[in-house]
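**Q** Take this structure first; my questions come after.
Just so it is clear, none of the values below were taken in a lab; they were calculated from the coordinates. From a predicted model like this one, the values you see are computed outputs, not experimental measurements. Backbone-built Cβ (ideal geometry, glycine too); neighbour counts: all protein chains shown.
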Amino acid sequence: MATGIGVNNVTIDGQNIHIEWNDGHKSEWTATSLRISCGCAQCVEEWSRRQLLDPASVPLDLKAEDYLMVGRYAVQFLWSDGHFTGIFPFDVLRDLCNCDVCKAEREDE
């Protein structure tokens, strides 16, 4: 898990979301993959952590319409399916990064 990280820039480009981190790293996700990873109480059962959101119900052409920075620790996206309650802490977003560097770091842990 990355600690002490911050976000320099968030860019929404069609169905893709790009984040440039304060350590120079760059991450990219599809809106659909991040939406499926939402950990809010509507998407994940609070006590058991069982996923309530059916991934098949998330449109493949989903887009992030906008975002808000939540303090200095998270990003909240407004999705084209109307969902907006999920908050993605920076460390969670970084852990969701699937670039080769981040994959290798997770395998070394």
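**Q** Taking the number of other C-beta atoms within 10 Å as the exposure measure, put LEU93, LEU62, LEU78 in order starting with the fewest. Working shown, then result.
**A** Numbers: LEU93 22, LEU62 19, LEU78 15.
By the 10 Å Cβ count, ascending, the order reads LEU78, LEU62, LEU93.
**Q** For the stretch 10-82, state which GluC sites (Glu not before Pro) are in a DSSP loop and have at most 15 other beta carbons lying within 10 Å of their beta carbon. Walk me through the intermediate numbers first.
**A** Numbers: sites: GLU20, GLU28, GLU45, GLU46, GLU65; in loops: GLU45, GLU46.
For GluC sites (Glu not before Pro) across the stretch 10-82 that sit outside H, G, I, E and B with at most 15 neighbouring Cβ atoms in 10 Å, the list reads GLU45, GLU46.
**Q** Return the distance in nm (one decimal) between the two label points of a simple spin-label model at VAL10 and GLN51, each offset 7 Å from Cα along Cα→Cβ.
**A** 2.2 nm
**Q** For the chain, give me every cysteine whose Cβ has no other Cys Cβ within less than 4.7 Å, ordered by residue number.
**A** That list is CYS40, CYS99.
**Q** Write out the trypsin sites (Lys or Arg not before Pro) in the stretch 1-54 meeting two conditions: DSSP loop, and at most 13 other Cβ atoms within 10 Å of their Cβ. Numbers along the way, then the final one.
**A** Details: sites: LYS26, ARG35, ARG49, ARG50; in loops: ARG49, ARG50.
Of the trypsin sites (Lys or Arg not before Pro), the ones in loops of the stretch 1-54 whose Cβ has at most 13 other Cβ atoms within 10 Å are ARG49, ARG50.
**Q** Sort the stretch 28-109 into rounded, prolate or oblate with this rule: let a ≥ b ≥ c be the square roots of the eigenvalues of the Cα gyration tensor; rounded if a/c is under 1.5, and if a/c is not under 1.5, prolate when a/b is larger than b/c, oblate otherwise.
**A** On the way: a/c = 1.41, a/b = 1.32, b/c = 1.07.
Judged from the Cα gyration tensor, the stretch 28-109 comes out rounded (a/c under 1.5).
**Q** Same structure, new question: Return the calculated 222 nm mean residue ellipticity for the chain, to the nearest 500 deg cm²/dmol, obtained by summing -39500 (n - 2.57) across DSSP H runs with n ≥ 4 and dividing by the residue count.
**A** Working: 3 runs with 22 residues, N = 109.
Calculated mean residue ellipticity at 222 nm is -5000 deg cm²/dmol.
**Q** Let me ask something else about it. Once you keep just the Cα pairs under 8 angstrom separated by 6 or more residues, what percentage relative contact order results for the chain?
**A** Value for the chain: 24 percent.
**Q** Could you list the chymotrypsin sites (Phe, Trp or Tyr not before Pro) in the stretch 3-109 that lie in coil according to DSSP, counting only those with at most 12 other Cβ atoms within 10 Å of their Cβ?
**A** Working: sites: TRP21, TRP29, TRP47, TYR67, TYR73, PHE77, TRP79, PHE84, PHE90; in loops: TRP47, TYR73, PHE84.
When the chymotrypsin sites (Phe, Trp or Tyr not before Pro) of the stretch 3-109 are filtered for loop state and at most 12 Cβ neighbours within 10 Å, TRP47 remain.
**Q** Under a 5 Å amide H to amide H cut-off, with H placed in plane at 1.01 Å, what residues pair with GLU65 once short-range neighbours are removed?
**A** Excluding prolines and chain starts, which carry no amide H, the hits are LEU78, TRP79, SER80.
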